[in-house]
1. If I filter region 156-200 down to residues being more than 17 Å from G114 (Cβ to Cβ) and among the β-branched types (V, I, T), which single residue comes out as surrounded by the fewest Cβ atoms within 10 Å (Cβ to Cβ)?
2. Out of everything in region 34-89 that is over 21 Å from V107 (Cα atoms) and either of a type in the set (V, I, T) or under 13 Å from the mean Cα position of the chain (by Cα) (or both), what residue ends up being surrounded by the most Cβ atoms within 10 Å (Cβ to Cβ)?
3. Output the residue which, of all residues in region 101-123 that are free of Cβ contacts under 8 Å to residues at least 60 places away in the same chain and in a loop (DSSP other than H, G, I, E, B), is nearest to E38 (Cα to Cα).
4. Is it true that L82 is of a type outside the set (S, T, Y) and either within 20 Å of A157 (Cα to Cα) or in contact with a Pro (Cβ under 9 Å, 6 or more places away or on another chain) (or both)?
5. How do the pairs read when you match residues in region 87-100 that are within 17 Å of S67 (Cβ to Cβ) with residues anywhere that are hydroxyl-bearing (S, T, Y) and surrounded by 18 or more Cβ atoms within 10 Å (Cβ to Cβ), using Cβ under 9 Å and keeping only pairs 6 or more apart or on different chains?
6. Identify, by number, the condition in (1) in contact with a Lys or Arg (Cβ under 7 Å, 6 or more places away or on another chain); (2) surrounded by 20 or more Cβ atoms within 10 Å (Cβ to Cβ) that L153 doesn't meet.
7. Restricting to region 137-150, and then to whatever is surrounded by fewer than 19 Cβ atoms within 10 Å (Cβ to Cβ) and either at pLDDT 95 or above or under 13 Å from the mean Cα position of the chain (by Cα) (or both), can you tell me which residue is nearest to V45 (Cα to Cα)?
Amino acid sequence: MTRDTGERMTFSHLTIEYDDRVLRPRPWTAMQSTWAAELIPASPVGRVLELCAGAGHIGLLAVSLASRPLVCVDLNPVACVLTRRNAVRAGLEGDVEVRCGDLAAVVPPGEEFGVVIADPPWVLAADTGRFPEDPLLAIDGGEDGLSVARECLRVAAGSVAPGGHVLIQLGTQEQASQLGAEAIGTPLGLVEVRDGERGVVARFDRVP
């Protein structure tokens, strides 16, 4: 359960509540939101899915700009409560569903979304000690930083509609290239990577 009051910050035009049990929203990640908002209007299915949602800021900003229903998923119960609060604060509670649990368990294959947003932990396990202020669950991406990102891509491949798009945040261009290589033979293909202040966002498209 979350505390009665957490910290708050401005994320673009939204006010986002968080506390020290979730990752503090990074302002640069608004780039992922605005990119999603550009893709949403022409996507084949109206709903948007956000994986590893944290406080929900990236997905909430995207749908506040593009006016679509949003499903947010996170393993951390605290993150799920905060996302619900932030949806209410943004006036979006009627369009936002929050699911708490393992990604594959709460997003059944075949449930279609036009755009999937993912913000998995991508720090290498050996490097997590460099960020003592961040919750381990929110940053530990395993040996190569891609263990959760791979799961996000697997879930997205079974959930994004033909002609839809997946935007996944990663740490480096090299991680994006590795994930793109691993996606060969799946319905998803890497089409673009954009640099941010402290990471990258990779776009995967599903073949129509």
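1. So the residue we want is I184.
2. L61
3. E111
4. no
5. Pairs that qualify, where the first residue is within 17 Å of S67 (Cβ to Cβ) and the partner is hydroxyl-bearing (S, T, Y) and surrounded by 18 or more Cβ atoms within 10 Å (Cβ to Cβ), are A90/S64; G91/S64; L92/S64; V96/T83.
6. All conditions are met except number (1).
7. So, considering only residues that are surrounded by fewer than 19 Cβ atoms within 10 Å (Cβ to Cβ) and either at pLDDT 95 or above or under 13 Å from the mean Cα position of the chain (by Cα) (or both), the one nearest to V45 (Cα to Cα) is R150.
Here is a yes/no grid of residues against (1) in contact with a Gly (Cβ under 7 Å, 6 or more places away or on another chain); (2) assigned to a loop (DSSP other than H, G, I, E, B); (3) under 22 Å from D74 (Cβ atoms); (4) not basic (K, R):
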{"residue": "D127", "(1), (2), (3), (4)": "no, no, no, yes"}
{"residue": "A149", "(1), (2), (3), (4)": "yes, no, yes, yes"}
{"residue": "L153", "(1), (2), (3), (4)": "no, no, yes, yes"}
{"residue": "G163", "(1), (2), (3), (4)": "no, no, no, yes"}
{"residue": "I184", "(1), (2), (3), (4)": "no, yes, no, yes"}
{"residue": "L190", "(1), (2), (3), (4)": "yes, no, no, yes"}
{"residue": "V193", "(1), (2), (3), (4)": "no, no, no, yes"}
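The values are calculated or read from the model by the stated rules, or taken from the named source; none is laboratory data. As the structure is a prediction and not an experimental result, all values here were calculated from the model. Cβ coordinates were reconstructed from backbone atoms using ideal geometry, including for glycine residues, and neighbour counts include every protein chain displayed.
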